[in-house]
Amino acid sequence: MINSTLVRRTPLRSRARLRPRSERTAWIRRLDALWSDAIVQRAGYRCERSGVLSCNAPGGLHAHHIVNRRLLSFRWLISNGIALTFDWHVGRPDSAHRDPRGFILWLEEIFPDRFRSWWNDSRFHGMKPPTRMDEVKIARAIMAGVDWR
């Protein structure tokens with residue numbers, strides 16, 4: 001007979017998944033959803049690379065970050081996003097994620113004002129990452145379609 005106190009009923013990994021998400025993750029996900037909707041809406045529900053309407057695009061439209069979203073200072077800036085179909089985002093060999101250099105060259109050629117607007121703006125140099133206290137401020141700016149800084 002096996003001692004039941006020694007047998008682990010659920011593995012540690014599955015128990016870890018049952019823990020509630022942290023508050024930090026929750027507010028980041030809310031702002032990500034708002035930002036994504038704002039980018040697609042600003043593009044008129046069309047891919048900004050191919051012009052395909054979102055209802056005709058297999059996989060729908062994706063909001064792509066020009067500067068990596070790991071940099072929280074830039075993550076929710078409206079000027080840091082572009083609406084792309086699945087193919088132009090990740091699906092094609094020359095997509096934004098598979099060929100980032102080619103994507104940046106295309107972006108500089110087609111949208112020079114958008115690409116350089118935040119880069120040359122002194123407000124964005126040396127920015128500190130947002131805090132939980134900035135959530136309402138960021139959400140209001142995203143809904144208004146403007147950069148929050």
Exercise. Would you tally the residues in region 44-97 being of a type in the set (A, V, I, L, M, F, W, C) and surrounded by fewer than 16 Cβ atoms within 10 Å (Cβ to Cβ)?
Key: 5
Exercise. Would you check which residues across region 79-110 are closer than 22 Å to Leu31 by Cα, hydroxyl-bearing (Ser, Thr, Tyr) and over 13 Å from the mean Cα position of the chain (by Cα) and list them?
Key: Thr85
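Return the total of residues in region 38-65 being at pLDDT 85 or above and within 22 Å of Asp113 (Cα to Cα).
Taking region 38-65 as the starting set, the residues that turn out to be at pLDDT 85 or above are 38-49, 61-65.
So of that shortlist, the ones also within 22 Å of Asp113 (Cα to Cα) come out as 38-49, 62-65.
Looking only at that region, the number is 16.
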Exercise. State whether one or more residues within region 39-60 are more than 29 Å from Asp134 (Cβ to Cβ), in contact with a Gly (Cβ under 7 Å, 6 or more places away or on another chain) and among the small types (Gly, Ala, Ser).
Key: yes
Exercise. Please list, ordered by first then second residue, the pairs with beta carbon atoms under 7 Å, 6 or more apart or interchain, first in region 85-107 and in contact (Cβ under 8 Å) with a residue 12 or more places away in the chain, second in a strand (DSSP E or B) and surrounded by 14 or more Cβ atoms within 10 Å (Cβ to Cβ).
Key: Thr85/Leu61; Phe86/His62; His89/His62; His89/His64; Ala96/His64; Ala96/Leu84
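Would you confirm whether any residue within region 100-114 is part of a loop (DSSP other than H, G, I, E, B) and modelled with pLDDT under 85?
Step one: of region 100-114, the residues part of a loop (DSSP other than H, G, I, E, B) are 111.
Next cut, modelled with pLDDT under 85 only: 111.
Taking every residue of region 100-114 in turn, at least one turns out to be part of a loop (DSSP other than H, G, I, E, B) and modelled with pLDDT under 85.
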Practice problem: Tally the residues that are assigned to a loop (DSSP other than H, G, I, E, B) and more than 16 Å from the chain's Cα centre (by Cα), restricting the search to region 49-78. | Solution: 7
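The values are calculated or read from the model by the stated rules, or taken from the named source; none is laboratory data. All of these numbers come straight from a predicted model, not from anything done at the bench. Every residue, glycine as well, gets a Cβ built from its backbone with ideal geometry; the counts of neighbours run over all protein chains shown.
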